[in-house]
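Trainee: First, the structure itself, so that you have it in front of you.
Values quoted throughout were computed directly from the atomic coordinates according to the rules given, and no laboratory measurement underlies them. Owing to the predicted nature of the structure, the values given are computational and were not obtained by experimental measurement. Here the Cβ positions follow ideal geometry from the backbone for every residue, glycine too, while neighbour counts run over all protein chains shown.
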Amino acid sequence: MTDAVTVSAVGKTFAVANRGTVVALEDINLVVAPGEFVSLIGPSGCGKSTLLRLIADLDQPSTGTLSVFGKTARQARTDQDYGIAFQQAGLLAWRTVAENVELPLQLHRVAKPTRRARVAELLELVGLTDFADRYPDQLSGGMQQRVAIARSLAESPGLLLMDEPFGALDEMTRERMQNELVRIRHETGAAVVFVTHSIPEAVFLSDRVVVMSPRPGRIVDVVSVELGGERGDEVREASAFFARVSAVREALHGAPAKGVRGVENR
Amino acid sequence: MRGISTRTLVAPAVFGIAALMVWQLAVTVFNIQPFVLPGPINIGAQFEQVWPIIWAGTLVTGGNALIGFIMGAVAAILAAIIAALARPFDELTQPVVTVAAVIPLVALAPILYAMFGADAETSRQLIAALAVFVPVYLNTLRGLRQVKPVHRDLMRAYAATPWQATRTVTLPAALPFLFTGLRIASSLAVISALIAEYFGGPVDGLATSITSSAAGSNYTLAYAFVLGAILLGLAFYCVTLALEKLATRHAPLPPERPAVGR
Ligand SMILES: Nc1ncnc2c1ncn2[C@@H]1O[C@H](COP(=O)(O)OP(=O)(O)OP(=O)(O)O)[C@@H](O)[C@H]1O
Ligand SMILES: [Mg+2]
């Protein structure tokens, strides 16, 4: 089976006006297997979002190559092989919650009855059924983020790219959404590349946690989690879980970065 | 439309009525002659009496303003779309628009009368159209540039066609700005159509009636026509304001949570 994502020797340099260049990523090598859940964790500015954008073909690498399901990133994007949730919810203010979730289906000309049914299913999943006809400005930040997550799942993609999707959620909703994501991913068999600042979140969700360091953004360690596929809340209390959390924390602190600002230890 | 309360509606109304009462009282107490200043009651009575004539004048002036408004707005929207798509066009027209924004366009009226003949309404409509063009063009162009980076990314991620992206993201984001432009332009259309009448052309509009009644020393009648002009301006303003409110019902979201740690 072809890998979901292959990143080979990828580097990304941004030109910044009047200040030369910023090396956002350097020599990144990463393979994500089909159905595998990989988290990217690291201090702010280490290039996590940039790496995700390269996989999504929203930016092009300066060096190295990327492939998604054995195709170029560009081809994978035009084939709609991935769903994406950004760091900002990015909802359309003039569309209702249901219409926002419906957007990708509408753009790709899915028949109306199918669309309706799918949207109802997705809203149920993120617990927003009662808010289907509200507008985004009538929702809390966390609810907006859940709409964005539902939208990213709309076409049951084989690859999910998620940039801190739970960052704006309260702890309770966050854990519930994490459980949901484990379940969704189990049901759909989708591979996930997931950016987060939370070590426990990364450990709870992932098969592997990729630890990054900034300036230039590099992968410093990859921690295999191996807690089994069907995880529930009991895993959060397991000693194996805490052992993995410590392993990731040590990898982060061992990184030759000046401190690890922006990483939450909760 | 929340917040329309004592402050926004009742207070101005009370103030307006009080001002009218003071005005009437002053005219009565000091026995001010109508050729100096007629009282509001007299003006009101006159207004009612000659209502058919005022209505006819309102139709002429309002018609000119409306035709000019539509011509100017359509031209401005088309030009803004071209400018948004083609930077060179924008850079080319920027100085012209800037100049058009600061010169009093009614000054062109006598020249236009010479061009289109003094018996046609065309010049008045053109003056209104020119006045409307600038605010609609500038606001629409600004609106078309409002697409947020995250929405642009989203459209790209969904491999949306340029037309799909325009329809789903660019135009809806621009609409509130367009309607703000139309609201500003609506008053300008009426004012320009009125003032243009002072420079010549057919004797049928509200402004020409104001001139002729004042010239005939019928000041109460002149004020009745002024009242008609005020109501016409208000009508234009209120309709476009309502449209604007409708278009901005769901204002763009407030800035979302900042990126962690930055
Ligand atoms: N479009 C851009 N132009 C210039 N520099 C950029 C651009 N995008 C990102 N960068 C720089 O690249 C580096 C990595 O940014 P990136 O957004 O990927 O970090 P991140 O790990 O996602 O951070 P955070 O956790 O705060 O979201 C930063 O130094 C940033 O300033
Ligand atoms: Mg980021």
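Trainee: Under the rule that an exposed site lies in a DSSP loop and has at most 13 other Cβ atoms within 10 Å, name the longest stretch of chain B with no chymotrypsin sites (Phe, Trp or Tyr not before Pro) of that kind, not counting the sites themselves.
Mentor: B:36-262
Trainee: Among B:Ile32, A:Ile184, B:Ile103, A:Ile41, which comes first, then next, by fewest other beta-carbon atoms within 10 Å? Don't skip to the end; give the middle numbers.
Mentor: On the way: B:Ile32 14, A:Ile184 17, B:Ile103 11, A:Ile41 29.
Ascending Cβ contact count within 10 Å gives the list B:Ile103, B:Ile32, A:Ile184, A:Ile41.
Trainee: Sort out the exposed loop GluC sites (Glu not before Pro) in chain A (DSSP loop, at most 10 other Cβ within 10 Å) and tell me the longest stretch that has none.
Mentor: It runs A:1-225.
Trainee: If you count the DSSP beta bridges with both ends in the protein assembly as shown, what percent of them are antiparallel, to the nearest 5?
Mentor: 50
Trainee: For helix B:122-144, what angle does its Cα long axis make with the longest principal axis of chain B, in degrees from 0 to 90 and rounded to 10?
Mentor: 30
Trainee: Helix-only mean residue ellipticity at 222 nm, chain B, DSSP H runs n ≥ 4 weighted -39,500 (n - 2.57), per residue, nearest 500. What is it?
Mentor: -24500 deg cm²/dmol
Trainee: Now for a separate question. Given +1 on the Cβ of Lys and Arg, -1 on the Cβ of Asp and Glu, and no further charges, what dipole in debye does segment A:91-156 carry about its Cα centre, rounded to the nearest 20? Walk me through the intermediate numbers first.
Mentor: Values: 9 positive and 8 negative charges, 46 e Å.
Approximately 220 debye in magnitude.
Trainee: Can you tell me, using C-alpha contacts under 8 Å and at least 6 residues apart, the relative contact order of chain B as a whole percent?
Mentor: Relative contact order of chain B: 26 percent.
Trainee: Size of the dipole of the protein assembly as shown about the Cα centre, Lys and Arg at +1 and Asp and Glu at -1 on the beta carbon, nothing else charged, in debye to 20?
Mentor: My answer is approximately 580 debye.
Trainee: For chain A, with the dipole built from +1 on Lys and Arg beta-carbon atoms and -1 on Asp and Glu ones, taken about the Cα centre, which of A:Ala73, A:Ser246, A:Pro43 lies farthest toward the positive end?
Mentor: A:Ala73
Trainee: Turning to a different aspect of this structure: So what is the 222 nm mean residue ellipticity for chain A from helices alone, if each DSSP H run of at least 4 adds -39500 (n - 2.57) and you divide by all residues, rounding to the nearest 500 deg cm²/dmol? Before the final figure, lay out the partial values.
Mentor: Details: 8 runs with 93 residues, N = 266.
Per the formula, -11000 deg cm²/dmol.
Trainee: So which trypsin sites (Lys or Arg not before Pro) in segment A:67-132 end up in coil per DSSP with only 13 or fewer other C-beta atoms within 10 Å? List each step's numbers first, then the result.
Mentor: On the way: sites: A:Lys71, A:Arg74, A:Arg77, A:Arg95, A:Arg109, A:Arg115, A:Arg116, A:Arg118; in loops: A:Arg95, A:Arg109.
Within segment A:67-132, the qualifying trypsin sites (Lys or Arg not before Pro) (loop, at most 13 other Cβ atoms within 10 Å) are A:Arg109.
Trainee: Specify which residue in the list B:Ala222, B:Asn31, B:Val60 is farthest towards the positive end of the charge dipole of chain B, using unit charges on the beta carbon of Lys, Arg (+1) and Asp, Glu (-1), about the Cα centre.
Mentor: B:Val60
Trainee: Still on this structure, I have one more. Build a GNM of chain B with springs between Cα atoms under 10 Å: which of B:Ala222, B:Ala107, B:Ala65 gets the top mean-square fluctuation?
Mentor: B:Ala107
Trainee: While we're on this one: Quick check: the angle from helix B:219-247's long axis to the longest principal axis of chain B, C-alpha only, nearest 10 degrees?
Mentor: For B:219-247 against chain B, the angle is about 20 degrees.
Trainee: Give the separation of the Cα centroids, segment A:142-209 to segment B:1-77, in Å.
Mentor: 61
Trainee: Given the options B:Gly117, B:Gly228, B:Gly143, which has the most mean-square fluctuation in a GNM of chain B, springs set between C-alpha atoms less than 10 angstrom apart?
Mentor: Most flexible of the set in this elastic network: B:Gly117.
Trainee: For A:Asp207, A:Asp221, which order do you get if you count the other beta carbons within 10 Å of each Cβ and list the fewest first?
Mentor: Listed from fewest to most nearby Cβ atoms, that is A:Asp221, A:Asp207.
Trainee: What does the charge add up to near A:Leu125, with Lys and Arg as +1, Asp and Glu as -1, over the other residues with Cβ less than 12 Å from its Cβ?
Mentor: +1
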